[in-house]
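Q: Please see the structure below; I have some questions.
The values are calculated or read from the model by the stated rules, or taken from the named source; none is laboratory data. Worth saying up front: this structure is predicted, and the values here are computed from it rather than measured. Every residue, glycine as well, gets a Cβ built from its backbone with ideal geometry; the counts of neighbours run over all protein chains shown. What goes into the accessible areas is simple: the full protein's heavy atoms, side chains included, and nothing from ligands, DNA or RNA. Shrake-Rupley method; radii C 1.70, N 1.55, O 1.52, S 1.80 Å.
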Amino acid sequence: MRSSKSKKTIRAAVFSSGELCILDSFAMFKNKHLVDSIKTSTDRISFSIPEYNLIARLQDDNSFNVQFNEGSYIIKVEQKATNLGNAYYFFFHCPECSTRARKLYCIKGRYLCRKCGHLGYYSQKLNFYDRLLYMQAKIKATLKSKGGSLDRKPPWMKRHTFERLKLQEQIYEATYYYAAELEFARQIGGNPPRFEDILTEMRLRTMF
Ligand SMILES: [Zn+2]
């Protein structure tokens, strides 16, 4: 019962248009029952993206046969036994360069590693929204690496450094919303909000 329910969930998980879809090999093979049920189904469809007429079918060797509006390709999957040998974990191989990758990114219907997708690990190579998310993640990672979080000052960090990082994180957040609001306003032809209003909403107004 459980596996058929999960299968339904995955099948309904169709990506929306324009979204940067990320495949995570660990997540995809986590549920063995689900993987088996896809393999034994008649169409073997693991996921689809209507925007690109993309359909990915799971093969016996765990690779994906991807068909989309520009042709077809295979995403090879490597299976590795854990140290104890009682379980397996999985990695994709980038269809373009064959490099092992845990995550692949959908670029107009082609799943590629970060390098082939020209996504880079550096913030200047990410799009505007991703860059803001990246900068926020970086601050959170810095705090975490020093034993703290946005709610808890790391033991050895100076108070003003902590406050500055927190404020920066909030500004990235505000900018993200502001950009999204602007884009939305452009789409529907409405009046864009003022940045001050966004800051007020986020209780950041008094800081400027
Ligand atoms: Zn690649």
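Q: So what's the net charge close to GLU163: Lys and Arg +1, Asp and Glu -1, counting the other residues with Cβ under 12 Å from its Cβ?
A: +4
Q: For GLN59 and SER41 in one chain, what is 0.36 nm times their gap in residues minus the Cα-Cα distance, to one decimal in nm?
A: 5.4 nm
Q: Same structure, new question: Going down the list LYS146/LYS166; LYS103/LYS153; LYS39/LYS80; LYS76/LYS103; LYS30/LYS144, which pairs span over 22 Å between their C-alpha atoms?
A: LYS103/LYS153; LYS30/LYS144
Q: Here is a follow-up. How do GLU70, GLU163 stack up against each other in accessible area, from largest to smallest, with a 1.4 angstrom probe?
A: Greatest to least solvent exposure: GLU70, GLU163.
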